[in-house]
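Just so it is clear, none of the values below were taken in a lab; they were calculated from the coordinates. The shown structure was predicted, so the numbers you read here are calculated from the model rather than taken from an experiment. All Cβ positions, glycine included, derive from the backbone under ideal geometry; neighbour counts span all protein chains shown.
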Amino acid sequence: MPDPLDDYLRYDALVVWLHGVAAAHPDLVTLETYGRSHEGRDLWLVTLTDATTGSHDTKPAHWVDASIHAVELTATAAACGVIDRLVRGFAAGDATVTEALRTRTFYVVPRVNPDGAEWVLADRPRFRRSSTRPWPWRDAHRWPGLHEEDVDGDGRILQMRVPDPNGAWMAHPDDARLLVPVPPQGQPPGTARYRLLAEGVVVDHDGFTVPTPRAVEGLDLNRNFPAGWGTGVPGSGDHPQSEPEIDALVRAITARPNICGYHAFHTSGGVLLRPSSTQPDSKLPPFDVWVWKQLAEQGTQATGYPAHSVYEDFTWDPSDTMSGAADDWMYEHRGVFGWTTEFWDIVHRATGTKQSTHFWYTGPTDAEALAVLRWCDEHHPDGHVAWYPFDHPQLGEIEIGGWNDLTTWTNPPTHLLRAEVESHADVVIHQALCSPRIEIVHHRVERVGDGRWRVEVGVANVGWLATDVSAYARKHNLVPATWAEIDEVEVVGGPARQQIAVLDGRSALRFRNGNDGTPDRALVSWLVAAPAGARATVTVDSARAGTATLVIELG
């Protein structure tokens, strides 16, 4: 059976692998669909928890999803790596994994956007930013200009270089295979110049201009979430959740109020990104920024990836921010701490130095590009292709070659895939174990009269985070109250269901200077009528921190 940690699997092979894991681990893994894609493919959700200690919805949970963008195939491998780590670790008796599955739930969506990935992995690929739905023109009209695809049918999308005395690119002086920008002062005498384009066809070519239209390619599923959605953000769609993949994802997450943390897997950059995308840290609750930084320490230690605020470190123009992303929605609408993991930094692999935090805007320096080319020569010969002549149907005699972007700048070559993603499962497990968790840690029954009893239970949050998870959630009242209820007996003079205040976790206690008190505990009592020997069931339910039950015998 193909292994998604060793290759970039197409949809059918991925689904076969998922069903194989579920069949092999029925007490840990449940597989279900939560919607359908634009092209009608099932969207798959994997639920992992130890069923012998309770159902998935009675435990605090962590959500992972991957490959919302079509070319970001590493993300699917990483999500499958989380599944693989959990089932293998449990089978091997790994103490951390066993505790995580005994007390928590993991929800994993290995591929949010199966349509786009199928286009990328096709025998004759087409690259799209995200969804394959025609947008904003519903009739799928191909507007004039360059449309990125495998024009020569060799199964790759490379680059096209067109000789042009006014082109912006020239050969690197130390290696003619590599094109670099012409410097401000111009090229050295006798140096050829080129216009550089992605491989593709030019629709309605006028013989002089090559527009790059944002048509089908422009729709971005990661700008279609409700948080800060707006038409000023490129690719945001017709309205929040206008795309079936995002509507289904939002509904699936909302239907699982026990989710306490979130990871979205993407490429590339080799970094751990956190909200906000639209506000500086100074506008966020200081406690939440501190929590993110605490989580980041473990994430960086486990993976080597540095952590950054999207707004503080990765925004080119703070006056023009990118909203509508999943991790912002999870924080602003669900009140949980989310991350966007950008896998793979080929510059770091080639040079030992991390990419600039503005790399997505500026691209590599000439020295970085040359180092990557030399690294490909040694480790990934298919990563850069020698230029070869091609008679282009619109542009005439050109050359195709250059970067095989899919397995260089965007994803690692497959022989490095497993090593790139494996450690990130431990980051997910660590954050899951930081979630709040409700337990009933004390109970007492006292006879107060003939057939009358006072029943009390002590409820504790034994997790690291508070039962409402974040300061933002508390300020905006995003999490329903925790409640305790007694059943199977008659309650006298009061409600059977009682509300419990927010219970702090250990993360907040460290700010109390060693004078803890009991902000993590609550005592609840009822006066009940029942004969001696009767049994009462107490249920404590916290939207984020799970459900605990206790059966008490009166007398």
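According to the square roots a ≥ b ≥ c of the eigenvalues of the Cα gyration tensor, what is the shape class of segment 408-530, taking rounded for a/c under 1.5, prolate for a/b larger than b/c otherwise, and oblate for the remainder?
Numbers: a/c = 3.16, a/b = 2.55, b/c = 1.24.
Judged from the Cα gyration tensor, segment 408-530 comes out prolate (a/c at least 1.5, a/b above b/c).
If I take R0 = 30 Å and measure r between the Cβ atoms of residue 300 and residue 152 in this structure, what FRET efficiency does the formula 1/(1 + (r/R0)^6) give, to the nearest 0.05? Provide the component values of the computation, followed by the final result.
Numbers: r = 42 Å, r/R0 = 1.42.
The computed FRET efficiency comes out at 0.10.
Given +1 on the Cβ of Lys and Arg, -1 on the Cβ of Asp and Glu, and no further charges, what dipole in debye does segment 92-235 carry about its Cα centre, rounded to the nearest 20?
Numbers: 17 positive and 19 negative charges, 92 e Å.
Charge dipole of segment 92-235: 440 debye, to the nearest 20.
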- Given Cβ charges of +1 for Lys and Arg and -1 for Asp and Glu, the option among 449, 253, 340 whose Cα lies farthest towards the positive end of the dipole of the chain is 449
- Exposure proxy order (Cβ contacts within 10 Å, fewest to most) of 254, 105: 254, 105
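Please report the net charge: other residues with Cβ closer than 13 Å to the Cβ of residue 441, K and R +1, D and E -1. Write down the numbers at each step before the final one.
Details: positive: 437, 444, 521; negative: 439, 456, 520.
With Lys, Arg at +1 and Asp, Glu at -1, the neighbours total 0.
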- Query: What's the center-to-center distance, using Cα atoms, between segment 1-58 and segment 212-282 in Å?
  - Reply: 22
- What's the local net charge at residue 166, with K and R +1, D and E -1, over the other residues with C-beta under 11 Å away? +1
- Message: Let me spell out the model: positive unit charges on the Cβ of Lys and Arg, negative unit charges on the Cβ of Asp and Glu, origin at the Cα centre of the chain. What dipole size does that give, in debye rounded to 20?
- Response: 1800
- So for R0 = 45 Å, FRET eff. of residue 354-residue 483 from the Cβ-Cβ r, to 0.05, ends up at 0.40
- Whole Å is fine, so just give me how far the alpha carbon centre of segment 300-364 lies from that of segment 83-133. 20
- Quick one: 52, 303, fewest Cβ neighbours within 10 Å first, how do they rank? 52, 303
- Hz values of 3J(HN,Hα) by residue in segment 45-51 - Karplus curve (6.51, -1.76, 1.60), Gly and Pro given as x: 10, 9, 10, 10, 6, 7, 5
- Message: As I understand it, the value is the acute angle between the Cα axis of helix 11-24 and the longest principal axis of the Cα atoms of the chain; what does it come to in degrees, rounded to 10?
- Response: 30
- Would you mind computing, in nm to one decimal, how far apart the modelled labels at residue 293 and residue 513 are, each placed 7 Å from Cα along Cα→Cβ? 2.0
- Message: Using a 10 Å cut-off around each Cβ, can you sort 354, 59, 293, 283 from fewest to most neighbouring Cβ atoms?
- Response: 283, 293, 354, 59
- Item | Net length gained if the chain between residue 414 and residue 283 were fully extended (0.36 nm per residue, minus Cα distance) | 43.0 nm
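For residue 553 and residue 378, calculate 0.36 nm times their separation in residues minus their Cα-Cα distance, and state this gained length in nm to one decimal. Write out the running numbers ahead of the final one.
On the way: separation 175, 0.36 × 175 = 63.00 nm, distance 7.17 nm.
Full-extension gain reported as 55.8 nm.
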- Task: Report the local net charge at residue 207: Lys and Arg +1, Asp and Glu -1, summed over other residues whose C-beta lies under 15 Å from its C-beta.
- Result: -3
- Note on the structure: For the pair residue 496 and residue 53, the simple spin-label estimate (label points 7 Å beyond Cα toward Cβ) gives in nm 3.0
- Message: On C-alpha positions alone, give me the angle between the axis of helix 244-254 and the longest principal axis of the chain, in degrees, nearest 10.
- Response: 20
- Task: Compute the long axis of helix 366-379 from its Cα atoms, compare it with the longest principal axis of the Cα atoms of the chain, and write down the angle in degrees, 0 to 90, nearest 10.
- Result: 80
- Between residue 441 and residue 34, the two model label points (7 Å from Cα along the beta-carbon direction) sit apart by a distance in nm of 3.2
- Item | Lys pairs under 21 Å by Cα in the chain, provided they are eight or more residues apart or on distinct chains | 4
- Query: Looking at [x] 105, 48, 45; [y] 74, 60, 44; [z] 111, 72, 37, which value of Cα extents along the principal axes in Å comes from a calculation on the structure shown?
  - Reply: [x]
- Query: Nearest 0.05, what FRET efficiency do residue 140 and residue 95 give at R0 = 60 Å with Cβ-Cβ as r?
  - Reply: 0.65
